[in-house]
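Have a look at the structure below, then the notes.
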Amino acid sequence: MGKLKKKIALVTGASRGIGRGIALALAREGAMVAVHYGTRRQEAEEVVRAIESGGGEAFAIGADLAASGGITELYAALDDALQRLTGAKQLDILVNNAGIGQYATIRETTEESFDDVMGIYVKAPVFVIQQALPRLRDGGRIINISSAATRIAFPNLFGYSISKGAINTLTFVLAQELGARGITVNAILPGLINTDMNADTLSDPEGRRFASGLSAFGRWGEPEDVADIALFLASEASRWITGQLIDASGGSRL
Ligand code: NAD
């Protein structure tokens, strides 16, 4: 308890799934967490209540990161809440997690569907990070949620995998620029995790067999499996790790 005491964290897309798991884990170690949501305000407020009932601190902020002006809206809400709660507009930990599922091969990919994945997984994190920089304290942490699909080829995750590949490159490049400020930038590459994004796969017996067969452990992942890695990357213990892509797939292979 208390590894992240006095730290302020922003987790995008934290109303459910992996983001929710990360928000709970960071708060458990004492961070005050901004639980960001797109449209599901109620779910985000439930996450805030779960954190508070465990003795932690959190607040919910909403913004559509795929919409024009959405990121400005995100920071206006964040600044307002932080000013009120802490008297400063400063952040220690940023987790870029928000995202959408998209199953499509190259032939099934349209200009619009490609813009969708590139918008939420490349453009949004770039400008969420850009606007975080003046608020992020030296020694801070940026954690990007990428995917094991950048290392294991799934032809039906064509655009999705390409967009996550861009986040891997962003991680590696940005770590060099921010090193002078002691800020670490790392990415987590989850394998198949039990979230709403995979509800269709995991509701079907064949899908469950496929999902549990991917990892070396014979099971699919849970949000907590990813959240504990994020917790390590957010903590002082990871200070000498930057620009790295950390596998969170239980040794998955096809
Ligand atoms: P999820 O669908 O459960 O949660 C996604 C979150 O992102 C939700 O809170 C949603 O509201 C938010 N979001 C989506 N579009 C948004 C927008 N336009 N503006 C603001 N918020 C938006 O998904 P998840 O499985 O928890 O995925 C979280 C992250 O983990 C994603 O980046 C995903 O690509 C990555 N990931 C997931 C898996 C997996 O198997 N579930 C595997 C590898 C990587």
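Using the Karplus relation 6.51 cos²θ - 1.76 cosθ + 1.60 with θ = phi - 60°, the per-residue 3J(HN,Hα) values for region 240-254 come to 9, 10, 8, x, 9, 10, 9, 5, 9, 10, x, x, 5, 8, 8 Hz, with x marking Gly and Pro.
Hydrodynamic estimate: the Kirkwood radius of the chain over Cα pairs, inserted into Stokes-Einstein at 10 °C and 1.306 mPa s, corresponds to D of 87 µm²/s.
Each of TRP240, TRP220 was scored by other Cβ atoms within 10 Å of its Cβ. Listed from fewest to most, they are TRP240, TRP220. Against the chain, whose longest principal axis is taken from its Cα atoms, helix 17-28 shows a tilt of about 30°. Taking the centroid of alpha carbons for each part, region 228-254 and region 175-212 are 11 Å apart. Here the Karplus curve 6.51 cos²θ - 1.76 cosθ + 1.60, taken at θ = phi - 60°, turns the phi angles of region 2-15 into couplings of x, 4, 10, 4, 6, 8, 10, 10, 10, 10, 7, x, 9, 6 Hz, with x standing for Gly and Pro. Taking amide H atoms as placed 1.01 Å from N in the peptide plane, the amide H of LEU157 lies under 5 Å from those of ALA104, each 5 or more residues away in sequence or on another chain. The Cα center of region 34-69 and the Cα center of region 129-158 differ in position by 20 Å. Couplings 3J(HN,Hα) for region 85-91, derived from phi with the Karplus relation 6.51 cos²θ - 1.76 cosθ + 1.60 (θ = phi - 60°), are 8, 10, x, 9, 10, 10, 10 Hz, where x marks Gly and Pro. Of the cross-linked pairs LYS6/LYS123; LYS5/LYS89; LYS7/LYS89, those separated by over 21 Å at the C-alpha level are LYS6/LYS123. Residues whose amide H lies under 5 Å from that of GLY62, counting only those 5 or more places away or on a different chain, are TYR37; hydrogens are built 1.01 Å from N in the peptide plane. Computed from Cα atoms, the angle from the helix 223-234 axis to the main principal axis of the chain rounds to 50 degrees.
With K and R counted +1 and D and E -1, the other residues having a Cβ less than 11 Å from that of ILE18 yield a net charge of -2. For the chain, the longest principal axis of the alpha carbon atoms and the long axis of helix 158-178 meet at an angle near 40°.
Read-outs: derived from the displayed coordinates by stated rules, not from any lab. Since this is a predicted model, take the numbers as computed values, not measurements. Positions of Cβ are backbone-derived with ideal geometry, glycine not excepted, and every protein chain shown enters the neighbour counts.
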